[in-house]
Amino acid sequence: MSRNIITGIDVGTYHVKVVIADSREKNEKGLPKIIGAGMADSHGLRHGYVTNVKDVAESIKRALALAEEKAGIKVKKAFVGVSGIGLSGITVTSSIMTSRADAEITDIDLAKLQEQCEKDIPRSSIANRRIVHSIPVQYTIDGTPALGNPKGLSGNKIELTTLFITSLDHHVADLIQAVNEAGLQVEDIMASPIVAGFVTLSKSQKIAGCVLANIGAETVSIAVFENNIPTSLEVFPIGSTDITNDIALGLKVPLEEAEQIKIGAITGSSYPRKKLEEIIGARVSDMFELIEAHLKKIGRNGLLPAGIVITGGGSGMHSIDDMARISLRLPSRIGSITDSATGTNKTSFKDGTWAVAYGLCIWGLHADEGPEIDGTKIFFTHLWKAVTRWIKQFLP
């Protein structure tokens, strides 16, 4: 298989999505062209975490077969998204004194500071978890915020606020095992809420400040971006399936019919419109209340100029962007993949539900710049160059 071929796998509770892209063909933004994609129903997952490895592996195989057929190639390696309620973000602020007599900040100081941040993570927050990403959010030198990488600047005390994205250790291990049993080698893993931002958010949105919300079947995940980097991440155990269940109970209809009503495939006077709107509105309000509570917790409620961008299967619900605008008092829109990134298949892939799988392909463009998963130990090595690699994802 050509090294120019990149595969991304998004293992969701409702669907498994696989995207195969060719890095030799790019659009004006340098994004790889999608040459094949496949989707299959998911089995063996609950709230985004693996409950049956064998069933998940079979779901991946089905989606992969469809993608390989459309692409006309066989793939052996893939980049995999990590999601589910086991995913969370922890913010830690630590400081050290610079080591040189002339107070110049060096790579050694920055690496030492990053290590100190990891040491300062509360034990209760890291028990049975592994760090998926370490993202430097803000440097401060002698009490003054520093813009960008502070290497080469002078100061006696350097402080760093870091966002650690962690996942339950056994969930990551089970996910990697499922991909392996599907016949693929895991090249790297990445947090799905962050990945989606590569193709649904513009640089200006990430600089100004926005929240990317992915409404899945059983979870809602959010990632907050400011100054072009992720600053917070959270996952809530509620999703569009809850809305389907509410409709089934409220209107006394089968689940299959409730799902069609939810997405607007079934309309008519047989269903009281006012009652239906009340049912959907109540559950959607619960979702946005959780998002609002998190934004209040980090002090960003009503303060993100680029507003909220909604992706995932639940983004297809009627007027959900309007409900988000009212609930959060923020600009709101439905996220979609840039048309030009999908070549001749742009109609099929404009839907933001493919954002994670395609975003993983973009992440894969930089795979040779940092560490990979150790397939034996299943351990993500933390090196300073991994931080450099991370920052490059947000550069133009």
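The values are calculated or read from the model by the stated rules, or taken from the named source; none is laboratory data. All figures in this text were calculated on a predicted structure; none of them were measured in a lab. Please note: Cβ atoms are built from the backbone with ideal geometry, for glycine as well, and neighbour counts cover all protein chains shown.
Output the qualifying pairs, or none if there are none: Cβ atoms under 6 angstrom, residues six or more apart or on different chains, first residue in segment 289-307 and of a type in the set (D, E, K, R), second residue surrounded by 12 or more Cβ atoms within 10 Å (Cβ to Cβ) and outside any loop (DSSP other than H, G, I, E, B).
Hits for this filter: Glu292/Leu328.
Filter segment 1-54 for residues that are buried (at least 18 other Cβ atoms within 10 Å of the Cβ) and of a type in the set (Asp, Glu) and give the result.
Asp10, Asp22
Go over the candidates Asn227, Asn214 one by one and state the one that is at pLDDT below 95 and over 16 Å from the mean Cα position of the chain (by Cα). Give the derivation first.
Details: Asn214 fails: over 16 Å from the mean Cα position of the chain (by Cα).
Of the residues listed, the single one that is at pLDDT below 95 and over 16 Å from the mean Cα position of the chain (by Cα) is Asn227.
Residues to consider are Ala146, Ala127; find the one that is of a type in the set (A, V, I, L, M, F, W, C), outside the structural domain of Asn180 (by TED's automatic domain parsing) and farther than 23 Å from Ile176 by Cα. Don't jump to the end; show me each part of the working.
Working: Ala127 fails: farther than 23 Å from Ile176 by Cα.
Selected residue: Ala146, the only one of Ala146, Ala127 that is of a type in the set (A, V, I, L, M, F, W, C), outside the structural domain of Asn180 (by TED's automatic domain parsing) and farther than 23 Å from Ile176 by Cα.
Quick one: how many residues across segment 123-143 are at pLDDT below 95, on the phi < 0 side of the Ramachandran plot and not basic (Lys, Arg)?
The qualifying residues number 12.
Take Ile135 and decide whether it is in contact with a Gly (Cβ under 6 Å, 6 or more places away or on another chain), closer than 22 Å to Ala111 by Cα and in contact (Cβ under 8 Å) with a residue 24 or more places away in the chain. Outline the logic, then answer.
Details: in contact with a Gly (Cβ under 6 Å, 6 or more places away or on another chain): no; closer than 22 Å to Ala111 by Cα: yes; in contact (Cβ under 8 Å) with a residue 24 or more places away in the chain: yes.
When the stated conditions are applied, Ile135 does not pass them.
Out of Asp102, Asp109, Asp120, which single residue is of a type in the set (D, E, K, R), out of contact with any helix residue (DSSP H, G or I) (no Cβ under 9 Å at 6 or more places or on another chain) and surrounded by 19 or more Cβ atoms within 10 Å (Cβ to Cβ)? Please lay out each step first, then the result.
Values: Asp102 fails: surrounded by 19 or more Cβ atoms within 10 Å (Cβ to Cβ); Asp120 fails: surrounded by 19 or more Cβ atoms within 10 Å (Cβ to Cβ).
Being of a type in the set (D, E, K, R), out of contact with any helix residue (DSSP H, G or I) (no Cβ under 9 Å at 6 or more places or on another chain) and surrounded by 19 or more Cβ atoms within 10 Å (Cβ to Cβ) holds for just one of Asp102, Asp109, Asp120, which is Asp109.
Could you tell me whether any residue of segment 166-175 is in a helix (DSSP H, G or I), crowded, with 23+ Cβ neighbours inside 10 Å and among the hydrophobic types (A, V, I, L, M, F, W, C)?
Yes, segment 166-175 has at least one match.
Cβ contacts < 7 Å: first residue in a loop (DSSP other than H, G, I, E, B), restricted to segment 253-272; second residue small (Gly, Ala, Ser) and modelled with pLDDT under 80, any location; separation 6+ or different chain. Result?
Matching pairs, first to second residue: Ile263/Gly316.
Looking for something charged (D, E, K, R), in contact (Cβ under 8 Å) with a residue 40 or more places away in the chain, farther than 23 Å from Leu163 by Cα and not assigned by TED's automatic domain parsing to the domain that holds Asp10 - is there at least one such residue anywhere in segment 180-197?
Scanning segment 180-197 turns up no residue that is charged (D, E, K, R), in contact (Cβ under 8 Å) with a residue 40 or more places away in the chain, farther than 23 Å from Leu163 by Cα and not assigned by TED's automatic domain parsing to the domain that holds Asp10.
Anything in segment 179-230 that is crowded, with 21+ Cβ neighbours inside 10 Å, among the β-branched types (Val, Ile, Thr) and assigned to a strand (DSSP E or B)? List them, or say none.
Within segment 179-230, Val186, Ile189, Val211, Ile215, Val220, Ile222, Val224 meet the criteria.
Mind checking whether some residue in segment 75-86 is touching a Cys at 6+ places or on another chain (Cβ under 8 Å) and either under 30 Å from Val179 (Cα atoms) or not assigned by TED's automatic domain parsing to the domain that holds Asp41 (or both)? Working first, answer last.
First pass over segment 75-86, keeping only residues touching a Cys at 6+ places or on another chain (Cβ under 8 Å): 79.
From what is left, the residues that are either under 30 Å from Val179 (Cα atoms) or not assigned by TED's automatic domain parsing to the domain that holds Asp41 (or both) are 79.
Within segment 75-86 (the criterion being touching a Cys at 6+ places or on another chain (Cβ under 8 Å) and either under 30 Å from Val179 (Cα atoms) or not assigned by TED's automatic domain parsing to the domain that holds Asp41 (or both)), the answer is yes, since at least one residue qualifies.
State which residue is nearest to Thr353 (Cα to Cα) when the search covers only segment 304-325 and only residues that are part of a loop (DSSP other than H, G, I, E, B) and not polar (S, T, N, Q).
Per the stated criteria, the residue is Gly312.
Looking at segment 94-108, is at least one residue among the acidic types (Asp, Glu) and under 19 Å from Val186 (Cα atoms)?
Within segment 94-108, none of the residues are among the acidic types (Asp, Glu) and under 19 Å from Val186 (Cα atoms).
Tally up the residues in segment 123-153 that are surrounded by 14 or more Cβ atoms within 10 Å (Cβ to Cβ) and of a type in the set (Gly, Ala, Ser), please.
2
Within segment 237-252, work out how many residues are assigned to a loop (DSSP other than H, G, I, E, B) and either surrounded by fewer than 16 Cβ atoms within 10 Å (Cβ to Cβ) or free of Cβ contacts under 8 Å to residues at least 12 places away in the same chain (or both).
Initial filter on segment 237-252 (assigned to a loop (DSSP other than H, G, I, E, B)): 237-239, 252.
If we keep only those that are either surrounded by fewer than 16 Cβ atoms within 10 Å (Cβ to Cβ) or free of Cβ contacts under 8 Å to residues at least 12 places away in the same chain (or both) as well, we get 237, 252.
Qualifying residue count, segment 237-252: 2.
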